[in-house]
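Only one structure is covered here, and it is reproduced in the block below.
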Amino acid sequence: MDKVIVAKNLSLSYSGHETIINQASFDITSGSFVFITGASGSGKSTLLKSLYGALKPQQGSLIVGGVELNGVTRSKLNFLRRHLGIVFQDYKLVKEWTIEKNIMLPLIINGYEKSVTQNQVDSLLKHVRLKHQAGKFPLELSGGEQQRVAMARALSHNPILILADEPTGNLDDYSSGLIWNLLEGANTQLKTTVIVVTHHIPESLNVDYKHFHIEYGSIYAVN
Amino acid sequence: MQSIKNHLSLVLALLSILFSMQVFIIAERSIEAYKENLANNYSVVVVSKKTLSKEDIAKINPLIAESFELSPDHVIKRLDSGIDAKNTELLKVTLPRFYKLSLKHYPSPSEIQKLTKELRNHAAIKKVEDFSHSHDTTYKLLLLFKGMVTVFSVCIFVVTTLLVFKELRIWQFKHSERMSIMGLFGAPMWLRSAVLFRLAIMDAIIASALSYVIFKGIESNEWIISQFQSIGIEIVIFDSIGDFFKLASVAIVLSIVLASLIVVWHKEEV
């Protein structure tokens, strides 16, 4: 099986601060479902940031989707990001755009045709049960609804890898259930690799998953 | 309302630039037209020992457009008392020849000096009257006026360009969140900055259209037309095609250049 992520002796730190991830080596196979857990401040989100190039490795090598992120150029990073689906803890929706346009963003960036874009957005809005809210703006929605929009955006362009940072952190059961279903569907039906940073692994999940735990700057494979 | 506010400050700043530019063009045209008027009324008078042909005079300096021989009759009339017809004819023959020279354009003081020197160097010419004192005063006045208009226009251009630049930076801050989100999904720089360029170009077009309306109004204003007529000049205040094209080009190019500078200088987020 192809490796979608390969990290060797990876160290991560914010400039001028102490090392958060220290000499970690791991790899993730394409099509797998991975959970990353750890205590608050252990470096889960930092690791996720490094996977989409928002934090450059301090040391070691980190290859995501065939792109070496240590010393990556902006154009290569843009190329990689166009094939990722990222779900942020704080949603990162464009406030001035409607829900529909927010979901369209990766499709626009990837140059999809308008008819394809519209069909894909309509289908995703149905999946996240927000069809009736399509013309609304993010601030008119609840936190759970905004996270569902962010999830739909992350899935819209059929990415090779979904990175989700605590996607159900503060959500109600209904929204959480929808989000886990979408992640599960993307993994089982589309064979998309899914990496989720979370405090709690849901028990109801019907996928085989890998579990990494971060403690004291080291990454351990749990199962 | 917010949308109008967003555009208003940049449109006004661009409009000031276009206004100062067109005022400068009008001042230039007025000065040129006035110089042409002065050139038509300005002439140099030379006194020659012998008759000179038009060709002989034209060869002396390329600035000379035409020459006319002045009739000696009015001089002779003054001396008329007691001189008989035979002596009058003799006097006509012995009197030096007077020529009035008109010039191709209104000369600068150095051109006048050169012309006078070359005329004086001619063997037949005894005396040259170039009226340089009054000429110099008028010329210096024109230069002063032109200089003042230039300085004024440049000052407005610089200050308003800085205002446009500042306004575009405010826009960039306003849109920075959106730009960074787009960056996280791999949007290239041009796509992230597209809004900035679109707004800048749109406002440049609005400012150009407004300047068209304003100058068309000025052009047909009776009071302004009468002011130009009172100093005897007729100029094109606003050329609907040529001037509009110039103004629109400056507004669009300036907006694009300033927006590009902001994008280039912007520290790219990861």
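Convex hull volume of the Cα atoms of the protein assembly as shown, normalised per residue: 228 Å³. Find out how many positive minus negative residues lie around B:Ile237, taking Lys and Arg as positive, Asp and Glu as negative, among other residues whose Cβ is under 13 Å from that of B:Ile237. Result for the local shell: -4.
Between A:Gln189 and A:Asn158, the simple spin-label model (points 7 angstrom out along Cα→Cβ) gives 1.2 nm.
Counting only other chain Cβ atoms within 10 Å of each residue's Cβ, the peptide A:51-61 averages 1.
So for the range B:43-130, averaging the separation of alpha carbon pairs under 8 Å that are six or more residues apart and normalising by length, what relative contact order in percent results? RCO, the range B:43-130: 51 percent. Amide H to amide H distances under 5 Å link A:Ser30 with A:Asp2, A:Lys3, A:Val4, where only residues 5 or more positions off or on other chains count and H is placed in the peptide plane. Tally Lys/Arg at +1 and Asp/Glu at -1 over every other residue whose Cβ is under 13 Å from the Cβ of B:Ile26; what's the total? Its environment carries a net charge of -3. Counting only alpha carbon atoms, the long axis of helix B:132-184 and the longest principal axis of chain B meet at about 10°. The phi torsions of the range A:9-15, fed into the Karplus equation with coefficients 6.51, -1.76 and 1.60 and a -60° offset, translate into couplings of 6, 7, 10, 10, 7, 7, 3 Hz, rounded to whole numbers, with Gly and Pro shown as x. Mean per-residue shielding of peptide B:176-183 is 4, counting Cβ atoms of other chains within 10 Å of each Cβ.
Using R0 = 22 Å, the C-beta based FRET efficiency linking B:Ala209 and B:Asn6 works out to 0.80. In this Cβ point-charge picture (+1 for Lys and Arg, -1 for Asp and Glu), the range B:43-130 has a dipole of about 240 debye about its Cα centre. Of all lysines in the structure, those lying under 19 Å Cα to Cα from B:Lys92, and not within fewer than 8 positions of it along the same chain, are B:Lys49, B:Lys50, B:Lys77, B:Lys100, B:Lys126, B:Lys127. Against chain B, whose longest principal axis is taken from its Cα atoms, helix B:242-265 shows a tilt of about 40°.
Rule-based calculations on the coordinates, nothing more; no lab input. This structure is a prediction, so every number in the text was calculated from the model and none was measured. Heads up, the Cβs are rebuilt from the backbone with ideal geometry, glycines too, and the neighbour counts pull from every protein chain shown.
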